[in-house]
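Right, one structure below, let's go through it.
The values are calculated or read from the model by the stated rules, or taken from the named source; none is laboratory data. None of the values given here were measured: they were computed from a predicted structure. Please note: Cβ atoms are built from the backbone with ideal geometry, for glycine as well, and neighbour counts cover all protein chains shown.
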Amino acid sequence: MKIIKVKNNLEAGQYAAAMIKKVINANPKSVLGLATGSSPVTTYQTLILMNQANEISFKTITTFNLDEYLGLDSANEQSYRYFMNNQLFNHVDIDLNNTFIPDNEDVLNPHKYDDLIAKKGGIDLQLLGLGINGHIGFNEPGTSFESLTSIVDLTESTIEANTRFFADKSQVPTKAISMGLKSIMNAKQILLIAKGENKAEAIFHLVEGKITSKWPCSILQNHANVTVIIDEAAASKLQENYDSK
Ligand code: F6R
């Protein structure tokens with residue numbers, strides 16, 4: 001596992017976007033796994049600038065997002081489809097037909113999403129954020145390491161954390177459809193971004209803790225190609241000293 005310490009959000013985004021650029025330029029038909037939430041926003045902003053400067057093209061790129069709330073359609077401003085269109089897809093030269101987000105059609109047969117990922121050749125690079133409770137995707141504590149895409153219940157702590165994006169807590173969906181831990185582990189390369197003190201405990205379990213389903217992120221220790229980008233605050237509970245970038 002490679003640990004990259006950065007000073008701020010902007011630096012995190014620049015580092016992550018540079019890694020994604022490398023993947024895209026090595027193979028213009030790459031498959032990217034994408035995340036929503038606050039962590040990848042500066043990455044997407046940097047990718048947009050790179051696209052505008054003709055440093056990268058998304059024309060033949062395929063993307064799969066990790067998750068979507070159940071019960072919110074794509075026109076809802078809080079849906080992850082809306083987020084992705086707004087934060088990235090509408091500003092780059094990607095073909096929207098090649099951007100996949102688990103949706104209501106997948107609810108009846110969620111594993112179809114994993115089949116589609118496999119059909120497209122598998123995910124070359126999976127971008128992840130990290131939940132305060134150690135979730136990746138919406139795989140909450142206790143999720144099986146063997147899980148594929150499925151319908152999941154969000155925990156109280158996740159609902160609480162996501163209330164900031166909604167008018168009030170009662171509006172936050174309690175269920176989502178999420179790629180599973182196995183779906184994530186199938187990616188060839190993983191890039192996780194975590195910032196702030198409230199992620200420090202999860203970062204400790206991800207990097208130095210015991211591998212346990214109580215901290216779903218700890219499964220990443222079993223993956224051969226993981227890069228973790230963190231700021232000082234998120235790194236504050238690590239016992240070992242990792243050099244800054
Ligand atoms: C989002 C996702 C979640 C978030 C996590 C961190 O698609 O799957 O796991 O990455 O909840 O969210 P932020 O980045 O908002 O702190």
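When the residues of the stretch 215-245 are narrowed to those that are more than 19 Å from ASN8 (Cβ to Cβ) and touching a strand residue (DSSP E or B) at 6+ places or on another chain (Cβ under 7 Å), which ends up surrounded by the most Cβ atoms within 10 Å (Cβ to Cβ)?
Among those that are more than 19 Å from ASN8 (Cβ to Cβ) and touching a strand residue (DSSP E or B) at 6+ places or on another chain (Cβ under 7 Å), it is PRO216.
Go through the stretch 49-75 and give me each residue that's away from the ligand (no atom under 16 Å from the Cβ), surrounded by fewer than 17 Cβ atoms within 10 Å (Cβ to Cβ) and either under 19 Å from the mean Cα position of the chain (by Cα) or assigned to a helix (DSSP H, G or I) (or both).
Of everything in the stretch 49-75, those that are away from the ligand (no atom under 16 Å from the Cβ), surrounded by fewer than 17 Cβ atoms within 10 Å (Cβ to Cβ) and either under 19 Å from the mean Cα position of the chain (by Cα) or assigned to a helix (DSSP H, G or I) (or both) turn out to be LEU49, GLN52.
Considering only the stretch 153-188, state which residues are farther than 16 Å from GLY129 by Cβ and not in a helix (DSSP H, G or I).
ASP153, PHE166, ALA167, ASP168, VAL172, PRO173, THR174, LYS175, ILE177, GLY180, ASN186, LYS188 - these are the residues of the stretch 153-188 that are farther than 16 Å from GLY129 by Cβ and not in a helix (DSSP H, G or I).
Evaluate the following for ASN198: is it at pLDDT 95 or above, surrounded by fewer than 17 Cβ atoms within 10 Å (Cβ to Cβ) and of a type in the set (S, T, N, Q)?
Against the criterion (at pLDDT 95 or above, surrounded by fewer than 17 Cβ atoms within 10 Å (Cβ to Cβ) and of a type in the set (S, T, N, Q)), ASN198 qualifies.
Which of (1) in a loop (DSSP other than H, G, I, E, B); (2) under 25 Å from GLU11 (Cβ atoms) is the odd one out, the single condition GLU201 does not satisfy?
Single failed check for GLU201: (1).
Among the residues of the stretch 123-155, write down those that are away from the ligand (no atom under 14 Å from the Cβ) and among the acidic types (Asp, Glu).
The answer is ASP124, GLU146, ASP153.
Inspect the stretch 112-120 for any residue being within 15 Å of the ligand (Cβ to nearest atom), of a type outside the set (Asp, Glu) and assigned to a loop (DSSP other than H, G, I, E, B) and give the result as yes or no.
No, that holds for no residue.
Can you pull out every residue in the stretch 192-211 that is touching a residue at least 24 places away in the same chain (Cβ under 8 Å), away from the ligand (no atom under 11 Å from the Cβ) and touching a helix residue (DSSP H, G or I) at 6+ places or on another chain (Cβ under 6 Å)?
HIS205, LEU206
Would you say ASN25 is among the polar types (S, T, N, Q) and part of a loop (DSSP other than H, G, I, E, B)?
Answer is no for this residue.
Suppose we filter SER150, SER157, SER144 for residues that are of a type in the set (Gly, Ala, Ser) and more than 24 Å from SER38 (Cα to Cα); which single one remains?
SER144
Are there any pairs with C-beta distances below 7 angstrom linking a residue in the stretch 35-47 that is more than 15 Å from HIS135 (Cα to Cα) to a residue that is assigned to a loop (DSSP other than H, G, I, E, B) and near the ligand (Cβ under 6 Å from one of its atoms), with the two at least 6 apart or on different chains, and if so which?
Cβ pairs passing all conditions: PRO40/GLY129.
Those residues that are under 14 Å from the mean Cα position of the chain (by Cα) and of a type in the set (A, V, I, L, M), I need them from the stretch 94-131; list them, please.
ILE101, ILE123, LEU125, LEU127, LEU128, LEU130
Conditions tested, residue by residue: (1) surrounded by 14 or more Cβ atoms within 10 Å (Cβ to Cβ); (2) touching a residue at least 40 places away in the same chain (Cβ under 8 Å); (3) within 13 Å of the ligand (Cβ to nearest atom); (4) of a type outside the set (D, E, K, R).
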| site | (1), (2), (3), (4) |
| --- | --- |
| GLU160 | no, no, yes, no |
| LYS169 | no, no, no, no |
| ALA187 | yes, yes, no, yes |
| ILE190 | yes, yes, yes, yes |
| SER213 | yes, yes, no, yes |
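Taking THR43, is it outside any loop (DSSP other than H, G, I, E, B) and within 12 Å of the ligand (Cβ to nearest atom)?
So THR43 passes the test.
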